[in-house]
1. List the number of the failed condition for residue 56; all other conditions in (1) within 12 Å of residue 93 (Cβ to Cβ); (2) at pLDDT below 95 hold.
2. For region 75-89, how many residues meet the condition of being in a helix (DSSP H, G or I) and either modelled with pLDDT of 95 or more or loosely packed, with under 15 Cβ neighbours inside 10 Å (or both)?
3. Of the residues 104, 141, which single one is out of contact with any helix residue (DSSP H, G or I) (no Cβ under 8 Å at 6 or more places or on another chain), more than 22 Å from residue 16 (Cα to Cα), outside any loop (DSSP other than H, G, I, E, B) and at pLDDT below 90?
4. Here are the criteria: (1) at pLDDT below 95; (2) buried (at least 19 other Cβ atoms within 10 Å of the Cβ). Tell me which single one residue 20 does not satisfy.
5. Do you know which residues across region 29-44 are touching a strand residue (DSSP E or B) at 6+ places or on another chain (Cβ under 8 Å), farther than 14 Å from residue 10 by Cα and without any contact (Cβ under 8 Å) to a residue 60 or more places away in the chain?
6. Just to be sure before I move on: is residue 54 buried (at least 19 other Cβ atoms within 10 Å of the Cβ) and touching a helix residue (DSSP H, G or I) at 6+ places or on another chain (Cβ under 9 Å) in the structure I sent?
7. Every residue in region 1-16 that is over 16 Å from residue 62 (Cα atoms) and either surrounded by 19 or more Cβ atoms within 10 Å (Cβ to Cβ) or at pLDDT 90 or above (or both), please.
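The values are calculated or read from the model by the stated rules, or taken from the named source; none is laboratory data. No experiment lies behind these values; they were computed from the predicted model shown. Here the Cβ is made from the backbone with ideal geometry for all residues, glycine too, and neighbour counts use every protein chain on show.
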């Protein structure tokens, strides 16, 4: 007798400028909205957010709606100057991303210039002669919003809270 598919369980770890959502189970037609809602809630609650980590190590299955959720999340966080990280992707997710041509789009890290802006809040000397790209401009804006003068600072690793369950949905097919 086959076992029914797993639902989706999410656990969130957060600091003022970083959120990690641990995804367990299936990201599909019935559960994709649950992940989208959690991401939107986290983005709304943390205007100084710099990094969104989606921990995919326990992700069992992703269908077209799950892929669509990843693309929507990427679009939303990129527009806000937030870096999206799909951490510990299982081979099945990498295969889906490769087959659909979205691997580089969803897994390529920010350019060195953008990483520098996000880290220091300042553009390098190249900015004096070259206008910033849209990605660099977004990164500079986010860096400005989260600068120590604006009251937002990162917590040391020792102060990052443990994951807490945030949402889950069991599905029966």
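1. (2) is the only condition that residue 56 fails.
2. Taking region 75-89 and keeping what is in a helix (DSSP H, G or I), we get 75-79.
This time we only want the ones that are either modelled with pLDDT of 95 or more or loosely packed, with under 15 Cβ neighbours inside 10 Å (or both), so: 75, 79.
The total comes to 2.
3. Numbers: 141 fails: more than 22 Å from residue 16 (Cα to Cα).
Checking each option against the conditions leaves just 104.
4. So residue 20 meets the others, but not (1).
5. Answer for region 29-44, where residues must be touching a strand residue (DSSP E or B) at 6+ places or on another chain (Cβ under 8 Å), farther than 14 Å from residue 10 by Cα and without any contact (Cβ under 8 Å) to a residue 60 or more places away in the chain: just 43.
6. Yes, satisfied.
7. Taking region 1-16 and keeping what is over 16 Å from residue 62 (Cα atoms), we get 1-3, 11-16.
Answer for region 1-16, where residues must be over 16 Å from residue 62 (Cα atoms) and either surrounded by 19 or more Cβ atoms within 10 Å (Cβ to Cβ) or at pLDDT 90 or above (or both): 11, 12, 13, 14, 15.
One line per residue, one yes/no per condition, for (1) at pLDDT 55 or above; (2) within 13 Å of the chain's Cα centre (by Cα); (3) crowded, with 17+ Cβ neighbours inside 10 Å:
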{"residue": "49", "(1), (2), (3)": "yes, yes, yes"}
{"residue": "62", "(1), (2), (3)": "yes, no, yes"}
{"residue": "72", "(1), (2), (3)": "yes, yes, no"}
{"residue": "91", "(1), (2), (3)": "yes, no, no"}
{"residue": "108", "(1), (2), (3)": "yes, yes, no"}
